[in-house]
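Okay, structure first, notes after.
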């Protein structure tokens, strides 16, 4: 490659350093190439996934039996809090940003992300934030934040300095994700190759675009509310202090104005990924592309109107409960359209079941289970009973683990050949899927029953009657965790020793990233190609387009 | 065939617009506070700030029958308190301010902190007894052997149902462990 690079440089080279592939640690520290930054994001997200997973296993170890085994309740609360924060802000969101970085320019025919140096900055803000959250905050007096990932006041206004570190970490991660989102929006809106119109764009680009708008709309709200917590803690304000005329419920209102769209920030990119994998392995175009675009947009808009369904027990008037209940149920409509379209895509398709497809189908089945328990929880009368029980824990792990995480696995397996030029081990990929599917359900399905029986979440001890299901869930969690090491080993091994991949390893893959060499050239689409594009980014013809 | 390719200028302009949107949303988070406040005022949802109404103009015209009030106090066996109402019973017209005194003694030789919990009989009477001052509003610390008198000031609401002609107000005093 290097020889070709230098050979091509004079033809295009105004700035030669933009065309050479940098070497050593500087390649990563000063990375401006969207593929390098995408890889950094993905590795960072994976390491955070392992950290957050270890915290989850600490929680499950304690809950293996009733009574206190390993941790004091204070430390247990820190584990639940940090597990949530790290998985949301450290693992899932950066993983989707990483995939968007890697794939968007390839899918829409852009040379790179719009603002390469800002891209570098938005990644390199993340490790310090993770360090603040993970390593340092456990070491300070009073330990890490222990108010739950929602950081509800008045708990969060009373805790030790671990909470301050968490607030700063959230600020930094917020700035990072806002910059990342600006990059995504500008890239998609301004850098599409000729012929790649908005209503022909790949679903993953649509999902990333809408997600990026959601992030820009709500991350500042989160920053605002944690800033209020900060000033309540240190500067004598009384936003959430009832004694000073404030209101702790106000915190929940502002937090969930961020928090509910955040749920879709973690779900919409997953929808986008699945909308490529299902058509590819069904060898059929995506069913109802236009309705998919509109469904994604309406989910995003509706997500701003349902926040108070997280607060049914705060003493809301019945009118408000009814409004939020029906508004929440309404979200099931566009979501149902999506599930219908995916199934419609598979209908009479010539399907094959490689690992990405398995994860995508697993996603559809289990995400739907999580969606159904979500509709159950949206009913105010039921939610009042189930608030803060393990039913809620079961619900959001079905949509976040079997939803977001499974789609991420699917995406990594799907694009691994394009990223690395090598194939992963299909056997171990499938093994990873079936293993994860089994133990995921062993872990989280019993939690529905625990919640219905009244077991509260975020408590290190429990009544004897809950023992069996908790033991089962703990066994499942440890096995599930073990399975992720298989994934790690498969990726590491295939990176070096995998069988070389073809430019289009999947017969049914028809988007732009499969039209270029494998592995993707370091500088792809230096000159934009002329495209004839069908729906969902299907490339009918490509003219021109240069890489090096 | 397409619009001309975006220039660096276009990209920067969009960047600035999106940054502005982020800033607006940050301000919006703070703006939610007055919005919620106004909404609660407008709809009367912030019931904490609603003034406590005693009686109503409608009923004040007709004289109301007096209600028989009985005062009592109990202590769980083994706890160091002696609690005694100085008035056992009285009759009060709804709307009239009533003041009774309770005498509480710490019968132990150590410093103790107590918390009184009121009870009403019938329980439905609770919402018609509007207390203005009560020792049960706060925890009370006692030196060894100390005796103190506390007033209880209240009004029986004028909206009290006609059938409710007798109310018993009973206090139970509990130890607050770990606070000495």
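Read the figures in this text as sums done on the coordinates, not as results from a lab. Just so we're clear, the structure is a prediction, and the values are computed from it rather than from any experiment. When we count neighbours, we look across all protein chains shown, and the Cβ atoms used for this are built from the backbone with ideal geometry, even at glycine.
How many angstrom separate the Cα center of region B:17-45 from the Cα center of region A:114-137?
Using only Cα atoms to place each centre, the spacing works out to 29 Å.
Measure off 7 Å from each Cα along the Cα-to-Cβ vector at residue B:88 and residue A:189, then give the distance between these two points in nanometres to one decimal.
In this crude label model, residue B:88 to residue A:189 measures out at 8.3 nm.
Normalising by the residue count of chain A, find the relative contact order in percent from Cα pairs under 8 Å and 6+ residues apart. Walk me through the numbers on the way to the answer.
Details: 927 pairs, mean separation 98.7, N = 548.
Relative contact order comes out at 18 percent.
Provide the FRET efficiency to the nearest 0.05 for the residue B:105-residue A:441 pair, computing r from the beta carbons and using R0 = 51 Å. Kindly include the intermediate steps, with their values, before the conclusion.
On the way: r = 63 Å, r/R0 = 1.23.
The formula returns an efficiency of 0.20 here.
May I ask you to derive the FRET efficiency for residue A:290 and residue B:133 from their Cβ-Cβ distance with R0 = 51 Å, giving the value to the nearest 0.05? The partial results should precede the final answer.
On the way: r = 69 Å, r/R0 = 1.35.
In this case the efficiency is close to 0.15.
Using only the alpha carbons of region A:206-261, what is the convex hull's orientation-averaged projected area in square nanometres?
That works out to 3.8 nm², a quarter of the Cα hull's surface.
Give, as ranges by residue number, the residues of region A:59-81 whose backbone N falls under 19 Å from the point 7 Å along Cα→Cβ of residue A:461.
Residues A:59-80 fall inside that zone.
Going by Cα centres, region B:108-161 and region A:42-67 are how many Å apart?
Between the Cα centre of region B:108-161 and that of region A:42-67, the gap is 49 Å.
Suppose the chain between residue A:384 and residue A:297 were pulled fully straight at 0.36 nm per residue; how much longer would it get relative to their current alpha carbon spacing?
Here the answer is 28.3 nm.
State, to one decimal in nm, how far the label point of residue A:313 lies from the label point of residue B:7, with both points 7 Å from Cα in the Cβ direction.
5.9 nm
So, in Å, what gap is there between the alpha-carbon centers of region A:378-428 and region A:485-518?
The distance from the Cα centre of region A:378-428 to that of region A:485-518 comes to 22 Å.
If you stretched the chain out fully between residue A:235 and residue A:72, how much longer would it get, using 0.36 nm times the residue separation minus the C-alpha to C-alpha distance? If you can, show how the numbers build up before the last one.
Numbers: separation 163, 0.36 × 163 = 58.68 nm, distance 3.13 nm.
So the chain would gain 55.6 nm between residue A:235 and residue A:72.
With an 8 Å cut-off on Cα pairs and a minimum separation of 6 or more residues, tell me the relative contact order of chain B in percent.
Once normalised by length, the contact order is 26 percent.
When the Cα atoms of region A:389-448 are enclosed in a convex hull and the volume is divided per residue, what value in Å³ results?
Roughly 56 Å³ of hull volume per residue.
Between 0 and 90 degrees, rounded to the nearest ten: what's the tilt of helix A:268-282 against the longest Cα principal axis of chain A?
The helix A:268-282 is inclined about 50 degrees to chain A.
List A:514, A:124, A:342 from most exposed to least, where exposure is judged by having the fewest other Cβ atoms within 10 Å.
So the ranking, lowest neighbour count to highest, is A:124, A:514, A:342.
What is chain B by shape, rounded, prolate or oblate, if you read a ≥ b ≥ c off the alpha carbon gyration tensor as root eigenvalues and call it rounded for a/c under 1.5, prolate for a/b larger than b/c, and oblate otherwise?
oblate
Cα-based Rg (one decimal) and Dmax (whole number) for the protein assembly as shown, in Å?
Rg, Dmax (Cα atoms, Å): 31.3, 106.
Take residue A:323 and residue B:27, extend 7 Å from each Cα along the Cα→Cβ direction, and tell me the distance between the two endpoints in nm.
Those two pseudo-labels are separated by 2.5 nm.
Taking R0 as 51 Å, what's the FRET efficiency between residue A:493 and residue B:121 from their Cβ-Cβ distance, rounded to 0.05?
The calculated FRET efficiency here is 0.10.
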